[in-house]
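> Here you go, one structure.
The values are calculated or read from the model by the stated rules, or taken from the named source; none is laboratory data. These numbers were taken from a predicted model, which means no experiment stands behind them. All Cβ positions, glycine included, derive from the backbone under ideal geometry; neighbour counts span all protein chains shown.
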Amino acid sequence: MKRAQLTTKFLAMVLAMLMIISLLSACGQPAENSSASKPESSKSEASVESKADSESSAEAEPTGDDDIWTPYGKYAETVEIHTAKRSSSAPKLLPGDTVDDNVMTRYILDTVNVQTITDWEVESTEFPNKLALMMASGSLPDMFTLGTSDYLLFRQLLDNDMLEELGDVYSKVLKPELQATVESYNGTAQEPFMQDGKLYGIAGGQYAYEHNILWLRKDWLDECGITELPKTVEDIEAILTAFKEKNPGGNNVGMLLHYQDVATDYNNGYGANPLFSCFGATPRMWVKNADGEIVWGSTMPEMKEGLRVLADWYQKGLIDPQFATRSALGAMDAVITGGQTGAFFAPWWVTYNINDLPANNPDADLVPVNAPLDSEGKFHANGPAPAGEVLVVRKGYEHPEAVAKVMNCEFDMWRGYKEEAAELIRETRENGASWTYLFPTSGVNFERMTVVPDCGLLCRNLIDKGVEEGVEGTTEQERIMARQAKYYADTGDITTGGWTEYYGRYLASNILATPEVELTMPAYAYTTDSMADLKPNLDTLERTTFLKIVMGEQPVDSFDQFVTDWYAQGGQTMTDEVRALVG
């Protein structure tokens, strides 16, 4: 097979990039309390139609090369796809199975006559480096998956004409159910991977509604005689004050904050993002301001008021005085499970991290709240980047359509689009197999944007109405979670996982998409040429300044100098690059 070749100039550039790619990969690693700490089950929700719907919407399974541009057109002769993988320390494949010979690859071979071959695999942090070397040698795999921190690498591949255009592959061969999931993002999942109206990557979206909300110990509210849930900043302060004065539980240290980031990235707990958002700021995200200009949200002037409130709360003893020292793995979670706090900001999935709470504190009861609201009664929250991992194909590969066929078969098995395919993989799933390693296309996932509140609705219908009904496309996996939540609601048994699903899905997920919630989606969510060099230092400047302001080591007005320094030390360069890309 002919491999795409690099120009001499680009060869030198790729070698120079190896140093900065490592920085990009490091910047993209999940933080301690990100959703990476969730069990894999909470990341594997997706839309699935019933068997009847699936069979009616899918193409028949013809044979012969005349039918290859259909979702299940089977090749007359075996087609090979060479790929590369991020290795897994715990793949948990069945005994005798390998990455290239397992129940999924055999199903793909039987169904569409495509054989996937893994040319190489390395640890996740080394994958971009290895791929860059393959670029330099002109030996790219036929297909490979890029992570969310690899966008600069994607742009380099695209700018040097090394990627196959995939528009027809997407529209003609990717099965309708998968297209519908991608399109639930209103085009934003595809946009970053398009140029001149052409598509160069197939991306799964990053579903929404994993923003921080306010969690309170309801049993503490009851003990303090507080019957109304908070709506405003003043309401929250009154609750924190009551917790301090009456000390319910006898061990209250105050509101928990993230040890390092007063405002956290999307899908990372314990940052006070809702507080900043209620004043009109959008921290840790590229957004358009009131004048329609792209800005880094943490530099918005509205941030200053949120910092003022936090500094005041800290001075009054309403915030954990030791929060900045709780950097050890699990230390922040332990403040909650140890019964030392009754207030914190975190996403719905925090219940997976703190599932020791009911065992340690049998009387503990939690309540999630959309608070604080702004002056118009709205709860503002950050939305996700428009796409997760993306699958690309090297330019010149003879059968790009085969890549979509592989995706179709993968999700027929894993999501249950086809009952017989799902049954084949049951034992592998029950063995705890890593799906990101098992899939020939690695970590590209297809999750509808609203899967989290949709699962919440399923739980609510089952618990409140006794009917197992949700939105169209509810999966068996989601139904299992709903049954666990109902079991806890009926029995109070904390040994089965039902506590986690009850509080995280039945209670929290049901408040995430209510009319008062307004999501702000990022205007840009990827890397630019200068970010590898500039952004780490600017992030350090941001977090240290904000921490010092909150802890009283610097006045609130020092925020203004932070903004000046941020732009002077490279922020203006990054801003100009983002504005040029977004237009």
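> If you scan the range 279-298, which residues turn out to be crowded, with 24+ Cβ neighbours inside 10 Å and over 17 Å from Pro384 (Cα atoms)?
Hits for the range 279-298: nothing passes.
> Has the range 429-445 got at least one residue that is surrounded by fewer than 24 Cβ atoms within 10 Å (Cβ to Cβ), touching a residue at least 12 places away in the same chain (Cβ under 8 Å) and acidic (Asp, Glu)?
The answer is no; no qualifying residue exists.
> Given the residues Val393, Val350, Val369, which is the only one that is within 30 Å of Met574 (Cα to Cα), in contact with a helix residue (DSSP H, G or I) (Cβ under 8 Å, 6 or more places away or on another chain) and among the β-branched types (Val, Ile, Thr)? Steps first, please.
Details: Val350 fails: within 30 Å of Met574 (Cα to Cα); Val369 fails: within 30 Å of Met574 (Cα to Cα).
Going through Val393, Val350, Val369 in turn, the sole match is Val393.
> Of everything in the range 94-138, what is assigned to a loop (DSSP other than H, G, I, E, B) and buried (at least 16 other Cβ atoms within 10 Å of the Cβ)? Give them in sequence order. Talk me through it step by step, then tell me what you get.
Filtering the range 94-138 for residues assigned to a loop (DSSP other than H, G, I, E, B) gives 94-102, 113, 123, 138.
Within the range 94-138, Asp97, Val99, Asn102, Asn113 meet the criteria.
> Checking the structure you have, find out if any residue of the range 321-343 is in contact with a strand residue (DSSP E or B) (Cβ under 9 Å, 6 or more places away or on another chain), more than 14 Å from Met255 (Cα to Cα) and assigned to a helix (DSSP H, G or I).
At the first step, the residues of the range 321-343 found to be in contact with a strand residue (DSSP E or B) (Cβ under 9 Å, 6 or more places away or on another chain) are 323, 326, 332, 335-336, 339-343.
Keeping just the survivors that are more than 14 Å from Met255 (Cα to Cα) gives none.
No, the range 321-343 has no match at all.
> Counting residues that are among the β-branched types (Val, Ile, Thr), in contact (Cβ under 8 Å) with a residue 12 or more places away in the chain and assigned by TED's automatic domain parsing to the domain that holds Met255, which helices (runs of 4 or more DSSP H) fully inside the range 529-583 reach at least 2?
On the way: elements: 531-550, 558-566, 572-582.
Ranges flagged: 531-550, 572-582.
> Quick check, is Asn370 in the same structural domain as Glu234 (by TED's automatic domain parsing) and among the polar types (S, T, N, Q)? Lay out the reasoning, then the answer.
Details: in the same structural domain as Glu234 (by TED's automatic domain parsing): yes; among the polar types (S, T, N, Q): yes.
In short, yes.
> Check Trp414 against each of (1) surrounded by 20 or more Cβ atoms within 10 Å (Cβ to Cβ); (2) modelled with pLDDT of 95 or more and name the one condition it does not meet.
Of the numbered conditions (1) surrounded by 20 or more Cβ atoms within 10 Å (Cβ to Cβ); (2) modelled with pLDDT of 95 or more, the odd one out for Trp414 is (2).
> Answer with yes or no whether Asp454 is surrounded by fewer than 20 Cβ atoms within 10 Å (Cβ to Cβ) and either among the acidic types (Asp, Glu) or at pLDDT below 95 (or both).
Values: surrounded by fewer than 20 Cβ atoms within 10 Å (Cβ to Cβ): no; either among the acidic types (Asp, Glu) or at pLDDT below 95 (or both): yes.
No, not satisfied.
> Scan the range 107-151 for residues that are farther than 23 Å from Ser89 by Cα and either of a type in the set (D, E, K, R) or at pLDDT 95 or above (or both) and jot them down.
Hits for the range 107-151 are Tyr107, Ile108, Leu109, Asp110, Thr111, Val112, Asn113, Val114, Gln115, Leu140, Asp142.
Table: residues versus (1) hydroxyl-bearing (Ser, Thr, Tyr); (2) outside the structural domain of Gly342 (by TED's automatic domain parsing); (3) surrounded by 20 or more Cβ atoms within 10 Å (Cβ to Cβ); (4) at pLDDT 95 or above.
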residue	(1), (2), (3), (4)
Leu178	no, yes, yes, no
Thr181	yes, yes, yes, no
Gln195	no, yes, no, no
Lys198	no, yes, no, yes
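> Determine which member of the set Leu318, Leu329, Leu373 is under 28 Å from Thr545 (Cβ atoms) and over 25 Å from the mean Cα position of the chain (by Cα).
Values: Leu329 fails: over 25 Å from the mean Cα position of the chain (by Cα); Leu373 fails: over 25 Å from the mean Cα position of the chain (by Cα).
Among Leu318, Leu329, Leu373, only Leu318 is under 28 Å from Thr545 (Cβ atoms) and over 25 Å from the mean Cα position of the chain (by Cα).
> Does Gly254 satisfy being at pLDDT 95 or above, within 28 Å of the chain's Cα centre (by Cα) and assigned by TED's automatic domain parsing to the domain that holds Val563?
Values: at pLDDT 95 or above: yes; within 28 Å of the chain's Cα centre (by Cα): no; assigned by TED's automatic domain parsing to the domain that holds Val563: yes.
Taking the combined requirement at face value, the residue does not satisfy it.
> Any chance you could count how many residues in the range 210-224 are over 30 Å from Met449 (Cβ atoms), in contact with a Pro (Cβ under 8 Å, 6 or more places away or on another chain) and among the charged types (D, E, K, R)?
Final tally of qualifying residues: 3.
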